[in-house]
Amino acid sequence: MSTPGYKCSRIPIVFATLSIAVPLIFIAMAATLSGWFNIYENALSDLGHAVKSNVAWIFNLGLTLGGALIIATSVKYIVDADRLVGGLILFMGYALILVGTFDKVYRELHFQVSALFFILLLLTVLIYPIRSGKKKIVPIAVLVIVVNIIVWYFHFASRIPPGAAIPELISVFSALYFYIDAVKHYSLKTCK
């Protein structure tokens, strides 16, 4: 016998957690198995370079699976409650798929879809608290965005760190709370 409300309180969080865990696990596997990846010197996407990386298929598969799970989570639990936030998250998932599809072999196109992913990530961090009425977390969202801007500025302007992996991970991990909270918040309205 299931607990009343279990389906609508736990299952959306499971979906959200999987959509984050899958790409992160695949990234960690690729980094570990590569034998050459350095978190300070490399970008995460170096792992997905189809010509130069021995673990490209692992990395790119993880990104595309994660992106598909993010899209599914958004469609199932967010879009009907808030089209703007749901759309941002949906397109963020699609951008993640594009990062895995157009790997570093594609150079400028890869950079563009990667930048799109991180911009959508930060837009979600900013817009979700405002749209959901969670005014208490707006200052935290602003702080997250400021920290991200500073980290990316130092990377691009001064090559500190020389590789993009650390700024990429800071962006992803600093946005996790907002994504999980958005799924939790909107699933209470959309879960059936």
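The values are calculated or read from the model by the stated rules, or taken from the named source; none is laboratory data. The structure presented is a predicted model; accordingly, all values stated were derived computationally and were not measured. All Cβ positions, glycine included, derive from the backbone under ideal geometry; neighbour counts span all protein chains shown. What goes into the accessible areas is simple: the full protein's heavy atoms, side chains included, and nothing from ligands, DNA or RNA. Shrake-Rupley method; radii C 1.70, N 1.55, O 1.52, S 1.80 Å.
See the values below:
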read-out: For the stretch 19-119, the fraction of alpha-carbon pairs in successive 10 Å shells from zero, as %; value: 18, 45, 27, 9, 1
read-out: The stretch 26-82: relative contact order as a whole-number percent, Cα under 8 Å and 6+ apart; value: 33
read-out: Kirkwood Rh and Cα Rg combined as Rg/Rh, the stretch 109-192; value: 1.04
read-out: Sequence of Lys189, Lys134, Lys52 from largest to smallest accessible area, 1.4 Å probe; value: Lys52, Lys189, Lys134
read-out: Nearest-ten-degree value, helix 108-132 long axis tilted from longest Cα axis of the chain; value: 30
read-out: Potential extension, Lys52-Lys134 segment - 0.36 nm per residue separation minus Cα distance; value: 25.0 nm
read-out: Label-reachable residues, the stretch 46-86, where backbone N falls under 15 Å from a point 7 Å from Phe111's Cα toward its Cβ; value: 46
read-out: For the chain, radius of gyration divided by Kirkwood radius, i.e. Rg to Rh on alpha-carbons; value: 0.99
read-out: The chain: angle of helix 138-158 to the longest principal axis, Cα-based, in degrees nearest 10; value: 10
read-out: Segment Ile119-Asp80, length gained on full extension (0.36 nm per residue, minus Cα span); value: 11.8 nm
read-out: Estimated vicinal HN-Hα couplings, Hz - the stretch 173-184 in sequence order (Karplus 6.51, -1.76, 1.60; Gly, Pro = x); value: 5, 6, 9, 4, 4, 5, 5, 4, 5, 4, 4, 4
read-out: Dipole of the chain, positive end: most advanced residue of Leu123, Ser9, Pro162 [Cβ charges, Cα centre]; value: Ser9
read-out: Gyration tensor (alpha-carbon) shape descriptor, the stretch 84-149, a/c threshold 1.5; value: oblate
read-out: Where Cα atoms sit under 15 Å apart: lysine pairs in the chain separated by 8 or more or lying on different chains; value: 10
read-out: Contour minus Cα-Cα distance for Ile39 and Phe156 (0.36 nm per residue); value: 40.5 nm
read-out: List Ile127, Ile25, ordered by accessible area with a 1.4 Å probe, largest first; value: Ile25, Ile127
read-out: The stretch 87-189 - percent of accessible surface contributed by carbon and sulfur, probe 1.4 Å; value: 75
read-out: For the chain, accessible area per residue (1.4 Å probe, heavy atoms of protein chains only), Å²; value: 52
